[in-house]
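Remarks on the structure that follows.
The values are calculated or read from the model by the stated rules, or taken from the named source; none is laboratory data. All values reported here derive from a predicted model rather than from experimental measurement. Glycine gets a Cβ as well: all are built from the backbone with ideal geometry, and neighbour counts include every protein chain shown.
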């Protein structure tokens, strides 16, 4: 099968299309024919080698975590899905046989859910990792309620656009930060207040927030603490957030890292929000298989609004 892999850490130029052996589903796994794969900032930092302490350096390394496609085979004991099902989902690990930028990949049935006919493969691929990041950060970690004032820092990207809608769906008062060009998008998604991060200095203002979701991951707990009432959540692992989390286990102001655990129940919950009209996938651009490097370079500009997706023929 065709797959995108890389033999060394580096920039987009290390990504190569290669013919490799198609995987076979092991016990309690499904084989998916992938039709679309979405890019995430995580793909970039893993490929650059910044998380080699976690991924190791076993090459060739697969590329991509988000996928949508069709189930084509079931391993022994795989339950909950059938051959022919349209599915979407994600993984939050890196294994030699598991990359979404490929014609086929294996998955645990619990890491994917049935994709309804109302959503395209491209829209489905955009929901897995970003949607569960937003959901688990706001619901599982921060426990956002209708009484909360939530600040979403970096609201125009893949996770941010979904987080704005989910926070509004939970009944919160939502403030967003973004560049000036993305202020209209944030308002369209339902934000009550929209701030331009280069001008409005949201972390040096007199207003306070019950929850601050740092999607960008470029602010520290110490920086946001003066305007924080209860919970700061970031998406980027670091020694600093690990120490801050330990130091604030029982305090009134807490710092936490959201670590996504792919779960079918969460994917199905996202679908219920979509079906109810409370959540809409935001896809910025769809690239072709031959444009994978261009798609990665576009994501690296940090100007994408919503998700960047690659269609796999």
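Residue 290 is checked against (1) modelled with pLDDT of 95 or more; (2) in the same structural domain as residue 164 (by TED's automatic domain parsing); (3) farther than 21 Å from residue 46 by Cβ and fails just one. What number does that condition carry?
Against the list (1) modelled with pLDDT of 95 or more; (2) in the same structural domain as residue 164 (by TED's automatic domain parsing); (3) farther than 21 Å from residue 46 by Cβ, residue 290 comes up short only on (2).
Out of everything in region 226-236 that is in contact with a helix residue (DSSP H, G or I) (Cβ under 9 Å, 6 or more places away or on another chain) and in contact (Cβ under 8 Å) with a residue 24 or more places away in the chain, what residue ends up being farthest from residue 135 (Cα to Cα)?
The residue in question is 227.
Being within 15 Å of residue 64 (Cβ to Cβ) and assigned to a loop (DSSP other than H, G, I, E, B) is the filter here; which residues of region 289-313 pass it?
Answer for region 289-313, where residues must be within 15 Å of residue 64 (Cβ to Cβ) and assigned to a loop (DSSP other than H, G, I, E, B): just 312.
Residue 55 is checked against (1) in contact with a helix residue (DSSP H, G or I) (Cβ under 7 Å, 6 or more places away or on another chain); (2) at pLDDT 95 or above; (3) surrounded by 15 or more Cβ atoms within 10 Å (Cβ to Cβ) and fails just one. What number does that condition carry?
Of the numbered conditions (1) in contact with a helix residue (DSSP H, G or I) (Cβ under 7 Å, 6 or more places away or on another chain); (2) at pLDDT 95 or above; (3) surrounded by 15 or more Cβ atoms within 10 Å (Cβ to Cβ), the odd one out for residue 55 is (2).
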